[in-house]
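> Can you keep this structure in mind? I'll have questions shortly.
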Amino acid sequence: MNESLNMQEALQVAEEAARQGGQIIKDYFGKTMHITMKRGIEEQIPVDTESEKAIISVLHDYFPDHRIQSEESGNRSGNSLYTWVIDPLDGTSNFILGIPQVAVCVTLVRENDILLTVIHQPILDTFYTAISGQGAYYVTTLDHGAYFNRERLRVRQNASSLSKSAICRVLSYGMHNHKQARDVMNRLYGKTRRLLDTWAPSLDWCMLASGKVDGLVYVSTHLLRYDPGMVAGLFLFREAGGFLGDLEYGENIDNMAQVESVIAATSDTLLKEIWRTIDEEVDDEACIR
């Protein structure tokens with residue numbers, strides 16, 4: 001199938017889709033609502049599904065043949081090589097508690113290649129965007145969607161040593177009671193300036209890409225590509241010039257589609273220091289198994 005797509009136009013559609021989903025989040029923010037549980041410890045609220053519907057509606061209007069992989073409703077088939085990967089509300093627990101650290105993630109993938117992403121922080125009305133090979137940006141907009149400010153994101157230069165670094169920790173669902181995941185995080189806690197757990201992984205990546213934190217460790221037992229917020233954030237960080245490594249061996253990542261757990265840092269030196277610190281703690285069994 002021979003398909004071509006204008007990436008700037010696709011990015012504008014992704015921004016509009018994220019904005020529509022974000023408006024649902026803003027409308028519900030601070031209100032009490034019914035909470036259900038899925039996968040044991042994961043909360044689900046009506047705003048998740050309503051935001052998702054708003055996002056999908058925009059994408060379907062512009063690209064009716066494109067496939068959709070969504071956090072809530074699963075996969076929708078289409079006669080296209082392009083797939084939109086959606087997280088309609090990253091940071092559900094924060095939303096329930098009235099903490100504005102929440103995001104909407106919309107990412108476009110062609111087969112295994114990530115083409116662009118939009119991470120929208122609706123309560124603050126800000127966007128983080130990236131197109132493959134064109135860098136990452138922080139964007140604030142006016143009410144009608146026009147750019148008010150757009151600045152290039154680059155990871156922090158001259159990154160600190162681990163003892164002086166702030167590191168975000170992210171555990172996939174099911175890993176919070178995993179012994180080796182706890183061992184990894186406990187080891188890091190004693191060796192970093194601060195270990196952060198914000199409950200909104202996509203925004204952890206945004207902070208990392210913006211130079212506000214120095215590193216990130218993600219521990220999981222499933223492929224990263226199945227977590228829409230992680231896909232969006234990791235791609236943004238890579239476009240901002242960040243360094244990525246596999247948690248098991250500390251090697252640079254060539255194919256994001258085949259990785260489970262990752263280490264990210266603003267310098268290769270810090271990346272290796274994080275991995276050495278973790279490797280000292282874990283036993284012969286790989287920490288992601």
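> Condition first: over 30 Å from Asn75 (Cα atoms), in contact (Cβ under 8 Å) with a residue 40 or more places away in the chain and either β-branched (Val, Ile, Thr) or in contact with a Phe, Trp or Tyr (Cβ under 8 Å, 6 or more places away or on another chain) (or both). Can you find one or more residues in segment 176-190 that meet it? Outline the logic, then answer.
Of segment 176-190, the ones over 30 Å from Asn75 (Cα atoms) are 179-180, 182-190.
Narrowing further to those that are in contact (Cβ under 8 Å) with a residue 40 or more places away in the chain: 180, 183-184, 186-188.
Next cut, either β-branched (Val, Ile, Thr) or in contact with a Phe, Trp or Tyr (Cβ under 8 Å, 6 or more places away or on another chain) (or both) only: 184.
Looking through segment 176-190, at least one residue is over 30 Å from Asn75 (Cα atoms), in contact (Cβ under 8 Å) with a residue 40 or more places away in the chain and either β-branched (Val, Ile, Thr) or in contact with a Phe, Trp or Tyr (Cβ under 8 Å, 6 or more places away or on another chain) (or both).
> Would you please name the residue that is farthest from Ala103 (Cα to Cα), looking only at residues in segment 218-275 that are among the polar types (S, T, N, Q) and either outside any loop (DSSP other than H, G, I, E, B) or under 16 Å from the mean Cα position of the chain (by Cα) (or both)?
Taking segment 218-275 first, the residues among the polar types (S, T, N, Q) are 220-221, 252, 255, 258, 261, 266-267, 269.
Remaining after also requiring either outside any loop (DSSP other than H, G, I, E, B) or under 16 Å from the mean Cα position of the chain (by Cα) (or both): 220, 252, 258, 261, 269.
Details: Ser220: 21, Asn252: 28, Gln258: 25, Ser261: 22, Thr269: 30 Å.
Residue satisfying both the conditions and the ranking: Thr269.
> Assuming Glu52 fulfils every condition listed in (1) closer than 18 Å to Ile119 by Cα; (2) touching a residue at least 60 places away in the same chain (Cβ under 8 Å); (3) of a type outside the set (Val, Ile, Thr) apart from one, which condition is it?
Unmet for Glu52, out of (1) closer than 18 Å to Ile119 by Cα; (2) touching a residue at least 60 places away in the same chain (Cβ under 8 Å); (3) of a type outside the set (Val, Ile, Thr): (2).
> Could you list, ordered by first residue, the pairs with Cβ atoms under 9 Å in which the first is in segment 147-174 and more than 16 Å from Thr198 (Cβ to Cβ) and free of Cβ contacts under 8 Å to residues at least 12 places away in the same chain and the second is surrounded by 14 or more Cβ atoms within 10 Å (Cβ to Cβ) and among the aromatic types (Phe, Trp, Tyr), at least 6 apart or interchain?
From residues that are more than 16 Å from Thr198 (Cβ to Cβ) and free of Cβ contacts under 8 Å to residues at least 12 places away in the same chain, the pairs are Asn149/Tyr138.
> Here is a check on your reading of the model: is Ala17 buried (at least 16 other Cβ atoms within 10 Å of the Cβ), under 16 Å from Pro88 (Cα atoms) and among the aliphatic types (A, V, I, L, M)? Quick ask: steps written out before the conclusion?
Details: buried (at least 16 other Cβ atoms within 10 Å of the Cβ): yes; under 16 Å from Pro88 (Cα atoms): yes; among the aliphatic types (A, V, I, L, M): yes.
Criteria met by Ala17.
> Oh, and also: Pull out all pairs, ordered by first then second residue, where Cβ-Cβ is under 8 Å, the residues are six or more apart or on different chains, the first lies in segment 89-112 and is outside the structural domain of Ala14 (by TED's automatic domain parsing), and the second is in a loop (DSSP other than H, G, I, E, B).
Listed pairs, sorted by first residue: none to list.
> Give the residue that is modelled with the highest pLDDT, with candidates limited to residues of segment 141-195 that are under 19 Å from Tyr218 (Cα atoms), under 20 Å from the mean Cα position of the chain (by Cα) and assigned to a loop (DSSP other than H, G, I, E, B).
Once the filter is applied, the top-ranked residue is Val155.
> Further question: Within segment 83-92, can one find any residue that is surrounded by fewer than 23 Cβ atoms within 10 Å (Cβ to Cβ) and of a type in the set (D, E, K, R)?
Let us first name the residues in segment 83-92 that are surrounded by fewer than 23 Cβ atoms within 10 Å (Cβ to Cβ), namely 83, 92.
In the following step, the residues that additionally are of a type in the set (D, E, K, R) were identified as none.
No, the conditions are met nowhere in segment 83-92.
The values are calculated or read from the model by the stated rules, or taken from the named source; none is laboratory data. Nothing here was measured: the structure is a model prediction, and the numbers come from that model. Cβ coordinates were reconstructed from backbone atoms using ideal geometry, including for glycine residues, and neighbour counts include every protein chain displayed.
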